[in-house]
Every structure is written in C-alpha cells, then in structure tokens.
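Values quoted throughout were computed directly from the atomic coordinates according to the rules given, and no laboratory measurement underlies them. Values in this document were obtained by computation on a predicted structure and should not be read as measured data. Virtual Cβ from ideal backbone geometry, glycine too; neighbours counted across all protein chains shown.
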2 protein chains.
Amino acid sequence: MTSEELAGCMMTNPVVVRRTMAGLREAGFVRSAKGHGGGWEIACDLSAVTLKDVYDALGAPQLMAMGIHLESPACLVEQTVNRSLTTAFAEAEALLIDRLRTVSLAQLADDFRAHVAAHKRNLERKP
Amino acid sequence: MTSEELAGCMMTNPVVVRRTMAGLREAGFVRSAKGHGGGWEIACDLSAVTLKDVYDALGAPQLMAMGIHLESPACLVEQTVNRSLTTAFAEAEALLIDRLRTVSLAQLADDFRAHVAAHKRNLERKP
DNA sequence: CTTCATGTAACTTACGATGTTACAAGACTC
DNA sequence: GAGTCTTGTAACATCGTAAGTTACATGAAG
C-alpha cells in the first residue's frame, strides 16, 4: 500500500504515515519502495513481532501521563513525593509493557479477521 | 500561607495556585480565608487523607498517556487493538491508584521532615 | 474606608503533536 | 531519456491544551 492509501485508511496525512512508518522500517518490520508501484509492505513474521517491539520501534514514548518529571528536583517536597511514587509508576509501566510483550501482530491479525468475518455474517443475515 | 507565597514556593502564579487548590478546598482538605491575614490552611487530618483522595479532588486526571481514545471507534483495526489492551491499561491504572491509596499525607510529611533534618545535619558537619 | 486576600472569568502565551507544503531522489513505463 | 509515480525529509503552519496573566468583584481585618 502507498502512504496515500494508508493515510486514507487512518484519516490522516501521507507524510504523517511516512514519519511513523520510518520507525517500523528501521526496525525491519516493514519495507518501503520508491517509484512506480512502490509503497509499503510487511517485512517480518507477524507471529514473531509483539506490540512491545512496535512500541520500541516507535521510540518508546511516554506511557504515563504524570510520573516523575525531574530526576532530582531542587524542591524537597517534590523529592518526597517522588520517593513515595517512583516505584509505583515503574511497576505500573512494567506491567503494561509486559502485556505489550504478550500480544503478537499475528494474534491481532487473527482477531481482526475473526471479527470481520462475524461482521459480514451479520450483514448477510439482516440485509 | 497566601496564594502568593505558595506560588513563590512552586515557581508559579498565584492564580494557578488558587485554581488548583479549589479542588482541595471543595474536598475539605484545605480551608481558605479572604481578606487581611487570609490565605490557606490545612483543614483535615493528614493521616486520614491519601494521595488517592488528593488525586480525586484534583479531578482524577488521565494517568495513562496513551490508552483507549474512543470507546467504540469506527475503525476495525483500532477496535482490535483496543480489545487486546483495554484490560492491560485498566490493570496498570488500578495498580497505580492502589498505590496512591497507600500513601497518606502524614507519611509524606514525616518523610519530608526526616529528610530536611538529615539535610541540616549534613550542612552543620561540613559548613 | 483602606488594605489585603481569595474567586473567577476572560484573555494571552507556550508548547507539543499533527498537518501541510515543497522538493530532492529513486524506480518504473513508454 | 522523458514523464510519472512514489518515498524521504526538511521546513513551515495549524490546532488544542495547559499554564500564565490581567482584571475586577467580593469579603475580612484594622
């Protein structure tokens, strides 16, 4: 698929698609080809790549909205709160990342296909 | 303390302080007084109020930076990812909130005082 | 009645994420 | 080789939200 097509699917812009996909390409999960007939294709075993891999490929962005802003703030009150919550935030993040590790792209694809099939059956029954 | 003084401590603006403290006042954790000699004072038993209470009083803002944006998006791919991660996000959030529940303001105050005392001893030893 | 404080609405600023434009470079077709 | 299609990327624009600011009404103390 071209960036243009993908952008259409996601209601966004081709350049945004390229920017995002760049991370996945560098990780080797997709390939891109320039020129006529070019575009994007999958370049990995979907059952071998997890959401954690994708998350990392996209630059491992912040998962927590709050959390620790400064490692060692000058403010003693802030230091106190940090001491009381750093491990809590770390644990919550670790839990989440562990879950990302358990979901492979192949699983997602299977689940997706199953739901699409169910959706189609539904449409046929009540037309 | 006045909003002005508090703002000075936090390197921010008195109005921002009032905005934020408004939540704590409605929850009954602090009291405010207008006029000469007015300002803010604590109005609760610090050992009875936890960070979870404070979090709620501040409007329970988003803890997770990502998570589920739309409950039922039109996009079937988005639905698939949501199915695979809603519980994970919910669990991580629950874990965090449980930790907030375990920290009372009294604990924070004690820890704060202990560290301030240690800091002072340090200064006296090497002047 | 003057001064000092909060309460709040309205406006401004700052910033990051996203969207857009522009153009170079590579690949295919004719 | 000319023309066209596509990615790659830099530079700029837009948007939305959080924070800061201004302004003024209200109430309390001296």
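Structure summary
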{"item": "When the stretch B:1-44 is reduced to its Cα atoms, the Kirkwood hydrodynamic radius in Å", "result": "10.4"}
{"item": "Cα lying deepest toward the dipole's positive end in chain A, options A:LEU96, A:GLY37, A:SER47, charges on Cβ", "result": "A:GLY37"}
{"item": "Alpha-carbon centroids, the stretch A:51-127 and the stretch B:1-56: separation in whole Å", "result": "33"}
{"item": "In order through the stretch B:48-63: 3J(HN,Hα) via Karplus (6.51 cos²θ - 1.76 cosθ + 1.60), integer Hz, x for Gly, Pro", "result": "9, 10, 9, 4, 4, 4, 5, 4, 5, 4, 8, x, 6, x, 3, 9"}
{"item": "Cβ-based net charge around B:PHE29, under 11 Å, with every Lys or Arg adding one and every Asp or Glu removing one", "result": "-3"}
{"item": "Theoretical ellipticity at 222 nm over the protein assembly as shown - DSSP helices of four or more residues, -39500 (n - 2.57) apiece, nearest 500", "result": "-19500 deg cm²/dmol"}
{"item": "Magnitude of the charge dipole, chain A, Cβ model with Lys/Arg +1 and Asp/Glu -1, debye to 20", "result": "540"}
{"item": "Neighbourhood net charge (12 Å Cβ-Cβ; Lys/Arg +1, Asp/Glu -1) for B:LEU108", "result": "-1"}
{"item": "Stokes-Einstein D in µm²/s, Kirkwood radius over Cα pairs - the protein assembly as shown at 20 °C with 1.002 mPa s viscosity", "result": "95"}
{"item": "Cα pair distances of the stretch B:22-102 binned at 10 Å [whole percent]", "result": "15, 32, 23, 17, 10, 3, 0"}
{"item": "7 Å along Cα→Cβ, label-point gaps from A:ALA114 to other copies, nm, shortest first", "result": "5.0"}
{"item": "Sequence-separation-based contact order of the stretch B:1-70, relative, with Cα cut under 8 Å and 6+ spacing, percent", "result": "26"}
{"item": "Sparse-neighbourhood loop sites, trypsin sites (Lys or Arg not before Pro) in the stretch B:1-64 - DSSP loop, at most 16 other Cβ within 10 angstrom", "result": "B:LYS34"}
{"item": "Around B:GLY59: net Lys/Arg minus Asp/Glu count, Cβ-Cβ under 14 Å", "result": "0"}
{"item": "Residues B:ALA60 and B:ALA117, FRET efficiency given R0 of 41 Å [Cβ-Cβ distance, rounded to 0.05]", "result": "0.75"}
{"item": "Calculated label separations, B:MET10, copies of the chain, 7 Å along the beta-carbon direction, nm", "result": "3.7"}
